[in-house]
Amino acid sequence: MGALRVATVNIWCRHGDWEARREVLREGFRTLQPDLVALQETVVTDESDQTRELFDDEYHVLHQGRRTPEGVGCSIVSKWPAVTVDEIDLCVTERVDPRDFPGRSTVAEFETPVGTVLFVNHKPNWQIAYERERELQAVNAAAAIEKLAAGRDLHVVLAGDFDARPDTASVRFWTGRQSLGDLSVNYQDAWEFAHPDESGHTFTLENPLIVSEADWSRIPARRIDYLMVRCDDRGPTLRIRSAGRLFDQPVDGHFGTDHFGVTAELEQP
């Protein structure tokens with residue numbers, strides 16, 4: 001039976017003590033041995049590639065095409081080369097500024113032990129008051145994914161820092177609890193499936209890095225990082241064997257990043 005280990009982590013650019021954080025992240029990924037990873041807030045410039053500092057050469061790296069002037073964007077890391085790569089535009093209103101927010105989701109197709117997988121790195125707007133934008137961005141991304149997946153025998157794994165709690169409209173849309181516009185979809189939240197009675201907060205004062213540079217001390221603990229599996233009429237097309245938080249403990253006094261990541265083990269039904 002085929003299996004897949006996936007992960008998502010916002011690595012927080014080069015903020016804080018990057019050298020110490022880099023070692024925590026690098027060793028954590030080396031121990032985890034993931035198959036597919038969605039990274040948010042990676043820095044790529046002509047001089048350096050932050051993602052390459054974290055993964056050995058055995059991994060393939062895809063970088064989002066549109067990035068901020070400082071080189072910030074999203075990246076996908078995989079054990080296999082991508083068959084195809086598409087980018088979905090998330091610049092949905094005049095408030096979305098590509099200089100602050102790259103405004104794209106990346107969809108990469110891979111041939112894996114569980115079959116063909118569309119792996120989606122989704123990063124909507126981060127501003128607390130931008131839920132309307134996150135709703136429109138979710139609809140844009142979901143519609144594009146449905147078009148790419150139409151009539152094909154494949155799985156869709158949706159990953160990312162959604163900057164929205166499970167009870168917000170954008171996440172309720174993804175998990176099939178409500179429609180938006182003229183569209184409804186259904187993705188199974190891996191954490192909710194594996195830990196239905198646990199909060200699983202990924203952005204919380206348990207992690208001191210959220211107040212070290214940009215002071216988020218006034219915000220309540222939230223779960224905003226997700227791994228989801230697209231459903232057919234009977235449920236998720238891949239069985240969710242387990243899910244857990246990633247980088248949620250300090251190593252030698254250092255946390256890897258300001259978010260706790262999420263990892264999941266998926267397998268063929």
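Any read-out appearing in this document is the output of simple, stated calculations on the displayed coordinates, not a laboratory observation. In this text the structure is predicted, and so the values were computed from the model without any measurement. Here the Cβ is made from the backbone with ideal geometry for all residues, glycine too, and neighbour counts use every protein chain on show.
For the stretch 125-229, the normalised intensity computed at q = 0.09, 0.10, 0.14 Å⁻¹ comes to -0.26, -0.31, -0.60 (log10 of I(q)/I(0), Debye sum over alpha carbons, equal scatterers, no solvent). Electrostatic bookkeeping for Ala3 treats Lys and Arg as +1 and Asp and Glu as -1; over the other residues with beta carbon under 12 Å from its beta carbon, the sum is 0. Using θ = phi - 60° in the Karplus curve 6.51 cos²θ - 1.76 cosθ + 1.60, the 3J(HN,Hα) couplings for the stretch 135-142 round to 5, 5, 5, 5, 5, 4, 5, 4 Hz; x is entered for Gly and Pro.
Under 5 Å from the amide H of Arg104 lie the amide H atoms of Leu90, each residue being 5 or more positions distant or on a separate chain, with H modelled from the backbone and absent for Pro and chain starts. Distant-in-sequence amide contacts of Glu206, defined by a placed amide H-H separation under 5 Å and a gap of 5 or more residues or a different chain, comprise nothing. Among the listed options (i) 24.2; (ii) 20.1; (iii) 18.4, the one matching Kirkwood radius over Cα pairs in Å as calculated from these coordinates is (iii).
What percent does the relative contact order of the chain come to when contacts are Cα pairs within less than 8 Å and at least six residues apart? The value is 22 percent. Running Debye on the stretch 113-158 with equal point scatterers at the Cα sites and no solvent, what base-10 log of I(q)/I(0) appears at q = 0.13, 0.16, 0.22, 0.30 Å⁻¹? The computed values of log10 I(q)/I(0) come out as -0.37, -0.51, -0.78, -1.09. Please give me the summed charge of the neighbours of Thr93: other residues whose Cβ is under 13 Å from its Cβ, Lys and Arg +1, Asp and Glu -1. Result for the neighbourhood of Thr93: -3.
Over the stretch 185-269, the Kirkwood radius and the radius of gyration, each from Cα atoms, give a ratio Rg/Rh of 1.06. Between the stretch 53-121 and the stretch 141-195, what is the separation of their alpha carbon centroids in Å? So the two Cα centres are separated by 17 Å. Scaled against the 2.2 N^0.38 Å expected of a compact globular protein of N residues, the Cα radius of gyration of the stretch 1-143 reads 1.06.
Taking every DSSP helix (H) stretch of at least 4 residues in the chain, weighting each as -39,500 (n - 2.57) and dividing the sum by the residue count yields a mean residue ellipticity at 222 nm of -5000 deg cm²/dmol.
Across the stretch 160-175, computed HN-Hα scalar couplings (Karplus, 6.51 cos²θ - 1.76 cosθ + 1.60, θ = phi - 60°) run x, 8, 7, 6, 8, 6, x, 8, 7, 4, 5, 6, 4, 4, 4, 8 Hz from first to last residue, x flagging Gly and Pro. By the beta-carbon count within 10 Å of each Cβ, the least crowded to most crowded order of Trp18, Trp12, fewest first, is Trp18, Trp12.
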